Amino acid sequence: MRVWTLAVVAFLLGGCATAPSPAPVANPALAWRARVAKLAPLGTWDVRGRLALRTAHHGGEVSLRWVRDDSRYTIHLSGPLGHGLVQLQQGPGGARLEDAHRHVYRAANAEVLLFETTGWHVPLDGLTYWIRGLPVPGIPHEQNLDGAGQLQYLQQLGWTIRFLAYARYGRYILPRDIELMRPAPANATRTTGAHPPGERLGPVEARLVIERWAYLR
């Protein structure tokens with residue numbers, strides 16, 4: 001699972017300059033608390049980037065646009081993926097997915113709906129927070145901070161997340177390059193709730209490279 005195809009690596013790294021390491025601060029824990037207070041209320045954004053995903057059975061990459069307004073969001077995925085253009089929406093009333101053939105599917109949860117229709121397990125519920133460099137509140141986790149008080153490593157919801165680079169977008173410093181890994185579940189029994197069926201889950205490795213944050217407020 002640690003070996004990526006050359007095509008995926010080229011996709012991820014093409015056009016991305018290495019960001020300089022952040023300057024260390026005297027008290028990283030204090031800086032972290034200030035970051036959480038600033039970023040937790042951030043609920044509106046327009047993110048564009050690229051997502052690569054690899055499982056035991058397939059891999060590929062897509063362009064991503066994620067427009068979020070508090071409890072509602074729309075995600076556009078375009079690229080090979082085996083499905084062409086996918087538009088995924090989540091709101092208080094549930095989730096809706098429209099594929100390249102204009103077929104419409106519905107479910108209560110967008111993460112489950114994406115998995116059931118495309119076979120891609122993208123942890124959207126967690127990414128709502130991880131994309132800001134935050135853990136999901138109220139959920140057990142392990143974390144490490146860098147010298148600037150930014151999240152560097154996180155284990156939560158069965159995923160290991162590494163924040164490889166940050167960049168400044170307006171008045172916010174946010175993740176620019178995120179690696180996500182999840183091993184195959186030890187117990188392959190079916191689960192319930194906002195997660196795909198356990199019996200169909202295998203190991204997953206993903207990489208999200210952010211190209212633009214906009215409409216931040």
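Across region 140-170, what is the total count of residues that are buried (at least 17 other Cβ atoms within 10 Å of the Cβ) and closer than 18 Å to Val122 by Cα?
6
Filter region 85-121 for residues that are in a strand (DSSP E or B) and out of contact with any His (no Cβ under 9 Å at 6 or more places or on another chain) and give the result.
Just the residues of region 85-121 that are in a strand (DSSP E or B), to begin with: 86-91, 94-98, 104-107.
Within region 85-121, Gln89, Gln90, Gly91, Gly94, Ala95, Arg96, Glu98, Val104, Tyr105, Arg106, Ala107 meet the criteria.
Hey, does region 159-178 have a residue that's on the phi > 0 side of the Ramachandran plot, in contact with a Gly (Cβ under 9 Å, 6 or more places away or on another chain), touching a residue at least 24 places away in the same chain (Cβ under 8 Å) and not small (Gly, Ala, Ser)? Can you show your working first?
Going residue by residue through region 159-178, those that are on the phi > 0 side of the Ramachandran plot are 170.
When the remaining residues are screened for being in contact with a Gly (Cβ under 9 Å, 6 or more places away or on another chain), the result is none.
Looking through region 159-178, none of the residues is on the phi > 0 side of the Ramachandran plot, in contact with a Gly (Cβ under 9 Å, 6 or more places away or on another chain), touching a residue at least 24 places away in the same chain (Cβ under 8 Å) and not small (Gly, Ala, Ser).
Considering every residue within region 136-157, establish whether at least one is more than 15 Å from the chain's Cα centre (by Cα) and aromatic (Phe, Trp, Tyr).
Looking through region 136-157, none of the residues is more than 15 Å from the chain's Cα centre (by Cα) and aromatic (Phe, Trp, Tyr).
Collect the residues in region 99-111 that are modelled with pLDDT of 95 or more and over 14 Å from the mean Cα position of the chain (by Cα), keeping them in residue-number order.
Listed by number, the residues that qualify are Val104, Tyr105, Arg106, Ala107, Ala108, Asn109.
Give region 35-51 a look and list any residue that's surrounded by 12 or more Cβ atoms within 10 Å (Cβ to Cβ) and not charged (D, E, K, R), or say none. Don't jump to the end; show me each part of the working.
At the first step, the residues of region 35-51 found to be surrounded by 12 or more Cβ atoms within 10 Å (Cβ to Cβ) are 35-36, 38-40, 42-51.
Those that are surrounded by 12 or more Cβ atoms within 10 Å (Cβ to Cβ) and not charged (D, E, K, R): Val36, Leu39, Ala40, Leu42, Gly43, Thr44, Trp45, Val47, Gly49, Leu51.
Restricting to region 171-210, what's the tally of residues that are at pLDDT 95 or above and either assigned to a loop (DSSP other than H, G, I, E, B) or surrounded by fewer than 20 Cβ atoms within 10 Å (Cβ to Cβ) (or both)?
2
Suppose we filter region 1-51 for residues that are of a type in the set (Ser, Thr, Tyr) and modelled with pLDDT under 50; how many remain? Steps first, answer last, please.
Let us first name the residues in region 1-51 that are of a type in the set (Ser, Thr, Tyr), namely 5, 18, 21, 44.
Within this subset, residues satisfying the condition of being modelled with pLDDT under 50 are 5, 18.
Within region 1-51, residues that are of a type in the set (Ser, Thr, Tyr) and modelled with pLDDT under 50 number 2.
May I ask you to verify whether Val47 is of a type in the set (Val, Ile, Thr), in a loop (DSSP other than H, G, I, E, B) and touching a residue at least 12 places away in the same chain (Cβ under 8 Å)?
no
Name the residue that is farthest from the chain's Cα centre (by Cα), counting only residues in region 52-84 that are surrounded by 15 or more Cβ atoms within 10 Å (Cβ to Cβ) and part of a loop (DSSP other than H, G, I, E, B).
Across region 52-84, the extreme among qualifying residues is His83.
The values are calculated or read from the model by the stated rules, or taken from the named source; none is laboratory data. None of the values given here were measured: they were computed from a predicted structure. For neighbour counting, all protein chains shown are included, and Cβ atoms are generated from backbone atoms with ideal geometry for every residue, glycine included.
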